[in-house]
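Undergrad: Please read through the structure below; I'll follow up with questions.
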Amino acid sequence: MKGESAMKGAGGTEGGVGQFFLGLFMMCGGFYMLFNAITVHSSFGMGMGIYSWNAFGSSYGITSGMIMIPFIIGIGMVFYNVKSLLGWVLALGSLAALTFGVISSIHFDLRSMSLFDLIVILVLAVGGLGLFLSSMRSKSN
């Protein structure tokens, strides 16, 4: 009879604690190396076009500086009357549009590395994840 005295492993299952920590260590190391190899840069500026559309054969666009105009008007309306729904909509809508514009201008690049480096990173990250999740599973089956 599997009694109550059986020691539980990782996650309260009968999985191995050593396997849990080895998987956790491999996974953390692999994902750290992967994220460290990614460079992030943005092309966002006050003159950058955020939104554009084509109408009547011409292209119209809104720059990031233009987004600040309804924001300033909205802030002025909110300071004049805090219950102004239009002021809150202008201020919060402009902030949301500006945030979306900043996020959409972000670019991710993977730095140049050898195939061996990439394989080591992926084996550590995905292999560690597999060991980590496997240690959570019950060994009785």
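Undergrad: Select from the range 59-69 the residues that are loosely packed, with under 14 Cβ neighbours inside 10 Å and either on the phi > 0 side of the Ramachandran plot or of a type in the set (Val, Ile, Thr) (or both) and list them in ascending order.
TA: Residue satisfying the conditions is ILE69 alone.
Undergrad: Taking the range 92-124, which residues are modelled with pLDDT under 90 and among the hydroxyl-bearing types (Ser, Thr, Tyr)?
TA: Across the range 92-124, the qualifying residues are THR99, SER104, SER105.
Undergrad: Among (1) at pLDDT 75 or above; (2) out of contact with any strand residue (DSSP E or B) (no Cβ under 9 Å at 6 or more places or on another chain); (3) under 30 Å from LEU118 (Cβ atoms), there is one condition SER42 misses while meeting the rest; what is its number?
TA: (2)
Undergrad: OK, next. Using the structure shown, decide if MET33 is at pLDDT 85 or above, open to solvent by 50 Å² or more (accessible area, probe 1.4 Å) and not hydroxyl-bearing (Ser, Thr, Tyr).
TA: Judged against the criteria, MET33 is a match.
Undergrad: Could you tell me which numbered condition SER140 fails, if it satisfies all but one of (1) outside any loop (DSSP other than H, G, I, E, B); (2) modelled with pLDDT under 85?
TA: Against the list (1) outside any loop (DSSP other than H, G, I, E, B); (2) modelled with pLDDT under 85, SER140 comes up short only on (1).
Undergrad: Answer with yes or no whether LEU22 is at pLDDT 70 or above, under 28 Å from GLY130 (Cα atoms) and open to solvent by less than 70 Å² (accessible area, probe 1.4 Å).
TA: No; evaluated as a whole, the condition is false for this residue.
Undergrad: Taking the range 70-124 on its own, how many of its residues are in contact (Cβ under 8 Å) with a residue 60 or more places away in the chain, within 20 Å of ASN36 (Cα to Cα), open to solvent by less than 90 Å² (accessible area, probe 1.4 Å) and not in a helix (DSSP H, G or I)?
TA: 4
The values are calculated or read from the model by the stated rules, or taken from the named source; none is laboratory data. A quick note: this is a predicted structure, and the numbers were derived from the prediction, not measured. No Cβ is skipped: glycine too gets one built from the backbone with ideal geometry, and neighbour counts run over all protein chains shown. Ligands, DNA and RNA are stripped out before the accessible areas are found, and what is left, the full protein with its side chains, is counted by its heavy atoms. Shrake-Rupley method; radii C 1.70, N 1.55, O 1.52, S 1.80 Å.
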